[in-house]
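Student: Here it is, the structure, as structure tokens.
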Amino acid sequence: MSDQPKRNSPARTPRSRRPAVIVRPLKGTVFITRQVHFNAAHRLYNPTKSQVWNQAQYGMCTNPLGHGHNYVLEVTVKGEPDPVTGYLIDLGELKRILTTAIVDKCDHRNLNEEVAFLRGIIPSTENLVIAFWQRLEPHLTGARLHCVRLYETPRNFADYFGPEIS
């Protein structure tokens with residue numbers, strides 16, 4: 001039998017003589033966004049003010065029985081991709097963080113009454129994005145929060161880019 005490769009089969013190079021594969025990590029800041037949804041009720045009401053004041057300020061949104069929204073939460077993180085995985089963050093892990101820190105606590109709840117981390121806060125969209133940032137930030141490693149965006153309706157949303165540095 002000959003040591004020559006068969007005529008129709010490719011020549012095989014022993015592993016030791018194959019060229020090494022080089023992984024080139026790329027540098028640059030990347031922004032990754034994950035979107036989640038939840039449904040919740042709230043009442044806009046300042047208990048330090050009169051009902052007349054609250055009605056003038058918030059209108060129908062101060063209904064004593066509350067009202068609901070189909071919220072859409074978008075969280076954007078930033079950083080450099082890991083040179084080994086190519087990921088800034090595993091999107092499955094980001095989804096898990098959003099679900100456990102926010103969605104599981106807020107979905108199908110009254111934000112004024114049933115969500116412990118929102119107690120004593122007027123649950124306006126503006127206050128919610130700040131509270132959500134505070135809930136999420138400690139759970140992220142590697143990636144850093146860039147923006148928390150909350151849609152209260154398809155046309156009304158708030159963005160929060162983190163605490164200002166003084």
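Okay, residues lined up against (1) touching a Leu at 6+ places or on another chain (Cβ under 6 Å); (2) in contact (Cβ under 8 Å) with a residue 40 or more places away in the chain; (3) more than 23 Å from Gly120 (Cβ to Cβ); (4) not in a loop (DSSP other than H, G, I, E, B):
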| residue | (1), (2), (3), (4) |
| --- | --- |
| Gly28 | no, yes, yes, no |
| Thr33 | no, yes, yes, yes |
| Tyr45 | no, yes, no, no |
| Thr48 | no, no, no, no |
| Gly68 | no, no, no, yes |
| Pro83 | no, yes, yes, no |
| Tyr87 | no, no, yes, no |
| Gly92 | no, no, yes, yes |
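Student: Go through (1) within 11 Å of the chain's Cα centre (by Cα); (2) part of a loop (DSSP other than H, G, I, E, B) for Ile122 and report which single condition fails.
Tutor: So the condition that Ile122 fails would be (1).
Student: Among Glu74, Glu113, which is the only one that is modelled with pLDDT of 95 or more, assigned to a strand (DSSP E or B) and touching a Lys or Arg at 6+ places or on another chain (Cβ under 9 Å)? Before you say what the answer is, go through the steps one by one.
Tutor: Numbers: Glu113 fails: assigned to a strand (DSSP E or B).
Step by step, each of Glu74, Glu113 is checked, and only Glu74 is modelled with pLDDT of 95 or more, assigned to a strand (DSSP E or B) and touching a Lys or Arg at 6+ places or on another chain (Cβ under 9 Å).
Student: If you take the residues of the stretch 152-166 that are of a type in the set (Phe, Trp, Tyr) and assigned to a strand (DSSP E or B), which of them is surrounded by the fewest Cβ atoms within 10 Å (Cβ to Cβ)?
Tutor: To start, the set of residues in the stretch 152-166 that are of a type in the set (Phe, Trp, Tyr) comprises 157, 160-161.
So of that shortlist, the ones also assigned to a strand (DSSP E or B) come out as 157, 160.
Working: Phe157: 16, Tyr160: 20.
Looking at residues that are of a type in the set (Phe, Trp, Tyr) and assigned to a strand (DSSP E or B), I get Phe157.
Student: Sticking with this one: What about Pro64, is it over 30 Å from Arg24 (Cβ atoms) and modelled with pLDDT under 95?
Tutor: Values: over 30 Å from Arg24 (Cβ atoms): yes; modelled with pLDDT under 95: yes.
Against the criterion (over 30 Å from Arg24 (Cβ atoms) and modelled with pLDDT under 95), Pro64 qualifies.
Student: Working only within the stretch 32-69, note down all residues that are among the small types (Gly, Ala, Ser), closer than 30 Å to Glu93 by Cα and surrounded by fewer than 16 Cβ atoms within 10 Å (Cβ to Cβ).
Tutor: Gly68
Student: Filter the stretch 103-151 for residues that are polar (S, T, N, Q) and farther than 20 Å from Gly68 by Cα; which is surrounded by the fewest Cβ atoms within 10 Å (Cβ to Cβ)?
Tutor: We begin by selecting, within the stretch 103-151, every residue polar (S, T, N, Q); these are 110, 112, 124-125, 127, 134, 141.
If we keep only those that are farther than 20 Å from Gly68 by Cα as well, we get 134, 141.
Details: Gln134: 15, Thr141: 8.
Checking each candidate, the answer is Thr141.
Student: Quick check, is Thr99 over 21 Å from Leu44 (Cα atoms) and hydroxyl-bearing (Ser, Thr, Tyr)? Write out each step before concluding.
Tutor: Numbers: over 21 Å from Leu44 (Cα atoms): yes; hydroxyl-bearing (Ser, Thr, Tyr): yes.
In short, yes.
The values are calculated or read from the model by the stated rules, or taken from the named source; none is laboratory data. Here the structure is a predicted model, which is why all the values come from computation and not from measurement. Note: ideal-geometry Cβ built from the backbone for every residue, glycine included; neighbour counts use all protein chains shown.
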